Amino acid sequence: MEQIRLVRLNHKTEGNKYFTERFGFEKSKKVNAFHRSFPEYSVTPLADLKELARMAGVAGIHVKDESWRFGLNAFKVLGGSYAIGSYIAGRLGMDISGLSCGKMLSSEIRKRLGDITFVTATDGNHGRGVAWTANRLKQKSVVYMPECTAAERLDNIRKLGSDAAIMDMPYDDCVRLARENADKFGWVLIQDTSWEGYEEIPSLIMEGYTTIGYEIVNQMQGVKPTHVFLQAGVGSMAAALAAFCADFWKGSDKPVITIVEPEGADCIFRTAQADDGTLHTTRENMHSIMAGLCCGEPCTVAWDILKDYADFFVSMPDYVAAKGMRVLANPLPGDPKVVSGESGASTSGLVAEILFNKDYSALKEELGIDADSQIVCISTEGATDRENYRRIVWDGLYPSF
């Protein structure tokens, strides 16, 4: 059977204070206030899996369930909406703290803005968030999706009025297409990865994700997590929350942060493994049931954060995420059920394997997980591809690439 691989990155610096402040707790208050201005906003559940923790012999296992976010079944709308709001605020010469959802929807603001087309590339959830925000603001959106994208994900974006299409190319080429057409047609690119010369919008998207950290801190009610597991595609969400954790739990109080990727698209793992000061890409065999994590090129801003604040990087086979889906869907008596998609369940699946599979006892020891550990995972999506969800959870079947 394919194995979980883990690499530890020894931090060479104390970290960049700019990042911890930009994505830290104080900034997250401002971000959360913007999100709270949307009528659809509510705090997503933090599932306390007490019985699972008891069985595993740890102090706590907590799973943030982002399937409830804005009715869109995934966390990504937090980043897209905040970046679009920030772009609009800048265009109007305002600070976003003075620009609520209601104000953006006013006829006065709409008249001042005129028509805008927002464009992005996506594996599904980010594009849905951008399309939803554009739709709410009565603006246009164009969304490019990579080959092999589930039809359900495309349909959900089109239902929001977006000009969306599945392209005959991988994700990273869709990003290049979105970039080229933004320049060609004067569209506004809202992309959740960065490169040289394109860093501000991705950073704003990352700021948007800190609402998750803000909510978790309040929901934990003073309990400090010892271990936080974060999944990564290009790494934007993982980096934002790693910086948030480093800001809120400073120094030795910072939780052990582990970044999780599918072995078929593990560009951040490869970058950490090489540890040579350069970004490493994944181009070959980029397939996984974790479609939302199938990205071959790391976000530059994200890596600048992860190299300082993430402790471990994991590359893992698909069966681990599939196990996470089944564990969350079939809880022990007394624990809440979490409907988690393939990417969403990746971290919980890893935790389950490490805690219950004796073959990985060395990994458990290396991570420092013991009876006092308080573990936090984020289920980043629900069943965004329901047919595949049933195939995995009901029948135990999934593609072997």
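Out of the residues in segment 334-364 that are hydroxyl-bearing (Ser, Thr, Tyr) and assigned to a loop (DSSP other than H, G, I, E, B), which is surrounded by the fewest Cβ atoms within 10 Å (Cβ to Cβ)?
Looking at the filtered set, the residue picked out is SER343.
I'm trying to understand the selection: among the residues of segment 178-198, which are modelled with pLDDT of 95 or more and surrounded by 15 or more Cβ atoms within 10 Å (Cβ to Cβ)?
Listed by number, the residues that qualify are ALA178, ARG179, ASN181, ALA182, TRP187, VAL188, LEU189, ILE190, GLN191, TYR198.
Residues in segment 217-233 that are in a helix (DSSP H, G or I) and either touching a strand residue (DSSP E or B) at 6+ places or on another chain (Cβ under 6 Å) or among the polar types (S, T, N, Q) (or both): how many?
Counting residues in segment 217-233 that are in a helix (DSSP H, G or I) and either touching a strand residue (DSSP E or B) at 6+ places or on another chain (Cβ under 6 Å) or among the polar types (S, T, N, Q) (or both) gives 2.
Need a quick list: helices (runs of 4 or more DSSP H) entirely within segment 35-119 having at least 2 residues that are surrounded by 17 or more Cβ atoms within 10 Å (Cβ to Cβ).
Per the criteria, 50-56, 77-91, 101-104.
Please give the number of the condition TYR198 fails out of (1) more than 20 Å from the chain's Cα centre (by Cα); (2) free of Cβ contacts under 8 Å to residues at least 24 places away in the same chain.
All conditions are met except number (1).
Of these, LEU355, LEU363, which one is in contact with a helix residue (DSSP H, G or I) (Cβ under 6 Å, 6 or more places away or on another chain), more than 22 Å from ILE268 (Cβ to Cβ) and assigned by TED's automatic domain parsing to the domain that holds PHE23?
Exactly one residue qualifies, and that residue is LEU355.
Can you tell me which of (1) farther than 29 Å from ASP48 by Cβ; (2) crowded, with 20+ Cβ neighbours inside 10 Å; (3) in contact with an Asp or Glu (Cβ under 6 Å, 6 or more places away or on another chain) is the one ALA291 doesn't meet?
Failed condition: (1).
Return a yes/no flag: does segment 118-141 have any residue that is in contact (Cβ under 8 Å) with a residue 60 or more places away in the chain and farther than 16 Å from GLY79 by Cα.
Among the residues of segment 118-141, not one is in contact (Cβ under 8 Å) with a residue 60 or more places away in the chain and farther than 16 Å from GLY79 by Cα, which makes the answer no.
So the check is Cβ under 7 Å with 6+ separation or different chains; which pairs have a first residue in segment 344-362 that's within 29 Å of ASN73 (Cα to Cα) and of a type in the set (D, E, K, R) and a second one that's part of a helix (DSSP H, G or I) and modelled with pLDDT of 95 or more?
Pairs found: GLU353/VAL320; GLU353/LYS323; GLU353/TYR360.
Per-residue answers, yes or no, for (1) among the aromatic types (Phe, Trp, Tyr); (2) touching a Ser or Thr at 6+ places or on another chain (Cβ under 8 Å):
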{"position": "GLY213", "(1), (2)": "no, yes"}
{"position": "VAL217", "(1), (2)": "no, no"}
{"position": "PRO225", "(1), (2)": "no, no"}
{"position": "VAL228", "(1), (2)": "no, yes"}
{"position": "ALA232", "(1), (2)": "no, no"}
{"position": "SER236", "(1), (2)": "no, yes"}
{"position": "TRP249", "(1), (2)": "yes, no"}
{"position": "ASP253", "(1), (2)": "no, no"}
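Looking at segment 164-202, which of its residues are of a type in the set (Gly, Ala, Ser), within 22 Å of ARG153 (Cβ to Cβ) and not in a helix (DSSP H, G or I)?
The answer is ALA164, ALA165.
Identify all residues within segment 365-401 that are aromatic (Phe, Trp, Tyr) and either more than 20 Å from THR347 (Cβ to Cβ) or not in a helix (DSSP H, G or I) (or both); write none if there are none.
Listed by number, the residues that qualify are TRP394, TYR398, PHE401.
Can you confirm whether segment 55-78 contains a residue that is among the β-branched types (Val, Ile, Thr), out of contact with any Phe, Trp or Tyr (no Cβ under 8 Å at 6 or more places or on another chain) and outside the structural domain of LEU350 (by TED's automatic domain parsing)?
Checked segment 55-78: no residue is among the β-branched types (Val, Ile, Thr), out of contact with any Phe, Trp or Tyr (no Cβ under 8 Å at 6 or more places or on another chain) and outside the structural domain of LEU350 (by TED's automatic domain parsing).
From the set of residues in segment 128-163 that are of a type in the set (D, E, K, R) and part of a helix (DSSP H, G or I), which is surrounded by the fewest Cβ atoms within 10 Å (Cβ to Cβ)?
So the residue we want is ASP155.
Given the criterion modelled with pLDDT of 95 or more and under 20 Å from the mean Cα position of the chain (by Cα), identify the matching residue among PHE19, PHE34.
Checking each option against the conditions leaves just PHE34.
What is the residue count in segment 61-103 for residues that are without any contact (Cβ under 8 Å) to a residue 24 or more places away in the chain and on the phi > 0 side of the Ramachandran plot?
So the count comes out to 1.
Give the residues of segment 234-286 that are of a type in the set (A, V, I, L, M) and in a helix (DSSP H, G or I), sorted by residue number.
Of everything in segment 234-286, those that are of a type in the set (A, V, I, L, M) and in a helix (DSSP H, G or I) turn out to be MET237, ALA238, ALA239, ALA240, LEU241, ALA242, ALA243, ALA246, ALA265, ILE268, ALA272, ALA274.
Of the conditions (1) closer than 19 Å to GLY79 by Cβ; (2) crowded, with 24+ Cβ neighbours inside 10 Å, THR300 clears all except one; give me its number.
Condition (2) is where THR300 drops out.
The values are calculated or read from the model by the stated rules, or taken from the named source; none is laboratory data. Values in this document were obtained by computation on a predicted structure and should not be read as measured data. So basically every Cβ, Gly included, is an ideal-geometry build from the backbone, and we count neighbours across all protein chains shown.
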